[in-house]
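Single-structure report; data block below.
The values are calculated or read from the model by the stated rules, or taken from the named source; none is laboratory data. Predicted, not measured: the structure shown is a model, and the values here were computed from it. When we count neighbours, we look across all protein chains shown, and the Cβ atoms used for this are built from the backbone with ideal geometry, even at glycine.
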Amino acid sequence: MKSAKYIFLLISTLLSLSVYSQKTLQLTDKISGKVRTFKIGQTVHLRTSETGEFEKAKIQNINDGTIVFFHPNEDEPNTISELSLDQIHSIRKMTCIHKTSQIVGSLFILGGTYMMLSSASLADVTSPSKGTYIGVGAGMFVLGAIPFFKKPKTYVLGVTHTAAIK
């Protein structure tokens, strides 16, 4: 009975150590020294060349010198690529603030569009001033569109940030 407790303790210790020993991708800002850490399972947008476009990818595995990405493309079948740090040009990651502001902005866009389209029915019959409703609706629409023009921070490897696998 006593040896079963020790075996259980040993197995639980080894499992907890394996969880904490996962490799991560760390990007360090060359100027300020701030470190941004990416773990397995996070979704990022990456670009492999300077002229290429950002692709959505999910980090599947981090090896000693390479990172395995899963690309959920709608046009092509789902692909997996293994890239070294030298092959990655830049990484872009949306924060929770970006996602939340885009959701709220979408609601403002919908509300503003509704107000502009239904301004004739919202205006009072005795005072047909639907210009006020059109102006307020246009303001809501523009206010809702602002978060979509704010791009998340881009980490350019080798230029603004240094990458290391830890």
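Filter region 85-129 down to the residues that are β-branched (Val, Ile, Thr) and within 23 Å of Ala163 (Cβ to Cβ), then identify the one that is modelled with the lowest pLDDT.
So the residue we want is Thr95.
Report every pair of residues separated by at least 6 positions or lying on different chains whose Cβ atoms are under 6 Å apart, first residue within region 92-108 and assigned by TED's automatic domain parsing to the domain that holds Ala145, second surrounded by 14 or more Cβ atoms within 10 Å (Cβ to Cβ) and assigned to a helix (DSSP H, G or I).
Ser101/Pro147; Gln102/Pro147; Gly105/Gly144; Gly105/Pro147; Phe108/Met140; Phe108/Leu143; Phe108/Gly144
Can you spot a residue in region 93-113 that is part of a strand (DSSP E or B) and of a type in the set (Gly, Ala, Ser)?
No, region 93-113 contains no residue that is part of a strand (DSSP E or B) and of a type in the set (Gly, Ala, Ser).
What is the residue count in region 93-124 for residues that are charged (D, E, K, R), under 30 Å from Val35 (Cα atoms) and surrounded by fewer than 16 Cβ atoms within 10 Å (Cβ to Cβ)?
Matching residues across region 93-124 total 1.
With Tyr133, Tyr155 as the choices, which residue is of a type in the set (Phe, Trp, Tyr) and in contact (Cβ under 8 Å) with a residue 60 or more places away in the chain?
Among Tyr133, Tyr155, only Tyr155 is of a type in the set (Phe, Trp, Tyr) and in contact (Cβ under 8 Å) with a residue 60 or more places away in the chain.
May I ask you to verify whether Val159 is closer than 26 Å to Lys34 by Cα and either among the aliphatic types (A, V, I, L, M) or touching a His at 6+ places or on another chain (Cβ under 7 Å) (or both)?
Against the criterion (closer than 26 Å to Lys34 by Cα and either among the aliphatic types (A, V, I, L, M) or touching a His at 6+ places or on another chain (Cβ under 7 Å) (or both)), Val159 qualifies.
Across region 64-79, which residue is farthest from the chain's Cα centre (by Cα) among those that are under 22 Å from Lys166 (Cα atoms) and either surrounded by 12 or more Cβ atoms within 10 Å (Cβ to Cβ) or without any contact (Cβ under 8 Å) to a residue 60 or more places away in the chain (or both)?
Filtering first and then ranking leaves Thr66.
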